[in-house]
Amino acid sequence: MTLEKMRWWHIAEVLPIEEDLFGAEKWSAAMFWNELAQRRFYLVARDDTGVVGYAGLSIVDKDEAWVQNIAVRADAQKRGIGRALLEALLAEAAARGVGRTLLEVAVDNERAQRLYVGYDFEPVGIRRGYYQPSNTDALVMMRSA
């Protein structure tokens, strides 16, 4: 498995992963195009089958960065890909001298929350009804540098 910068041509491989994992709450191609156009830090994880995961980071300023998303294709999960993507995002934030990194995760996604806690993220708030159309709450988690 290798990590590389996401480019526009990866979006076609990312969209089926989005659909499978997030259904009605998936990001559109336009949303990924917008992220890349704004020069946000995005990576894809690839193996011999193609794109198996992706992740993005938005650097707000020296004080704050936000993990935009982390996703791993269902048939490639439990192989450390999500962990590798998260570590790469955190390394980028550290390289840019960012003081704290935040993220939002569905309150019912306990597996992802355990991953984040393992990297010193702590719950700091709840965004009620954040994920639409399911109206699922998001747990806001933060990690200081």
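The values are calculated or read from the model by the stated rules, or taken from the named source; none is laboratory data. What you are looking at is a predicted structure, and each value in this text was computed from that prediction instead of being measured. Heads up, the Cβs are rebuilt from the backbone with ideal geometry, glycines too, and the neighbour counts pull from every protein chain shown.
Details
- Residue, farthest from Leu21 (Cα to Cα), within region 96-145, restricted to residues that are without any contact (Cβ under 8 Å) to a residue 60 or more places away in the chain, among the polar types (S, T, N, Q) and surrounded by fewer than 16 Cβ atoms within 10 Å (Cβ to Cβ): Ser144
- Restricted to strands (runs of 3 or more DSSP E) entirely inside region 27-145, those with at least 2 residues that are under 23 Å from Lys5 (Cα atoms) and modelled with pLDDT under 95 are 50-61.
- Near pairs, Cβ below 9 angstrom, 6+ apart or cross-chain, from region 68-95 (closer than 25 Å to Gly23 by Cα) to any residue that is in a helix (DSSP H, G or I) and among the hydroxyl-bearing types (Ser, Thr, Tyr): Leu86/Tyr116
- Residue in region 1-20 that is under 27 Å from Arg100 (Cβ atoms), in contact with a strand residue (DSSP E or B) (Cβ under 7 Å, 6 or more places away or on another chain), part of a loop (DSSP other than H, G, I, E, B) and in contact (Cβ under 8 Å) with a residue 40 or more places away in the chain present: yes
- Residues in region 58-73 that are farther than 19 Å from Phe32 by Cβ and within 16 Å of the chain's Cα centre (by Cα) were compared, and the one that is surrounded by the most Cβ atoms within 10 Å (Cβ to Cβ) is Glu64.
- Filter result (under 17 Å from Gly118 (Cβ atoms) and of a type outside the set (D, E, K, R)) within region 73-93: Gln77, Gly80, Ile81, Gly82, Ala84, Leu85, Leu86, Ala88, Leu89, Leu90, Ala91, Ala93
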